[in-house]
Each structure stands twice: as C-alpha cells, then as structure tokens.
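Here is the structure we will look at.
The values are calculated or read from the model by the stated rules, or taken from the named source; none is laboratory data. Everything numeric here is computed off the predicted structure, so don't read it as measured data. For neighbour counting, all protein chains shown are included, and Cβ atoms are generated from backbone atoms with ideal geometry for every residue, glycine included.
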Amino acid sequence: MDELLHALADNMLWTVGGTIAIVAIITSAIKDVIRTSKREASRREIAAYIAEGSMTPEQGERLMRSGPDSDNA
C-alpha cells in the first residue's frame, strides 16, 4: 500500500509540475500576442496622424522608435 501511495505522489508531482509549465507557456504566448497587437495598433494610429498631416514623418518615426517595446533591429 505504501508503494502505491508513493507512486501516486510521484505521478501527481509530475502532473502538477507539467500543468504549471504548460499554463505558463500559454500565458506567455497570449501576452506576447496582445503586446504585438497593441504595438501594431499604435503604429497604425501614428501612420494615420502622418497621413492627415497633423504629424511629420520624422515625429512619427521618433515615436515608433521610442519606448521599451520598440524593435530597433
């Protein structure tokens, strides 16, 4: 009986650990998708301001390059 309980405890540990890892990976992926969509929406807004003439292309470029999430590659 002790062996059975020990085996169940070991399997439970791996199951809970694996579930936590999977949830963390999925949460991180969702967070990245949301961040990317918000960044693209901001870029579209900046482009609209440039198109209507209320912002110069240079100002728009500076805004797109600023911030912690900018892709300066």
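Taking the range 42-61 as the range and being surrounded by 12 or more Cβ atoms within 10 Å (Cβ to Cβ) and either of a type in the set (Lys, Arg) or touching a Phe, Trp or Tyr at 6+ places or on another chain (Cβ under 9 Å) (or both) as the test, the residues that pass are ARG43, MET55, GLN59, GLY60. Number of residues in the range 20-71 that are among the polar types (S, T, N, Q), within 18 Å of the chain's Cα centre (by Cα) and in a helix (DSSP H, G or I): the value is 5. Within the range 1-23, the only residue that satisfies the criterion of being of a type in the set (Asp, Glu) and surrounded by 10 or more Cβ atoms within 10 Å (Cβ to Cβ) is ASP10. Filtered by the rule that a residue be at pLDDT 95 or above, among the β-branched types (Val, Ile, Thr) and over 30 Å from MET64 (Cβ atoms), the range 12-37 gives THR19, ILE20, ILE22, VAL23.
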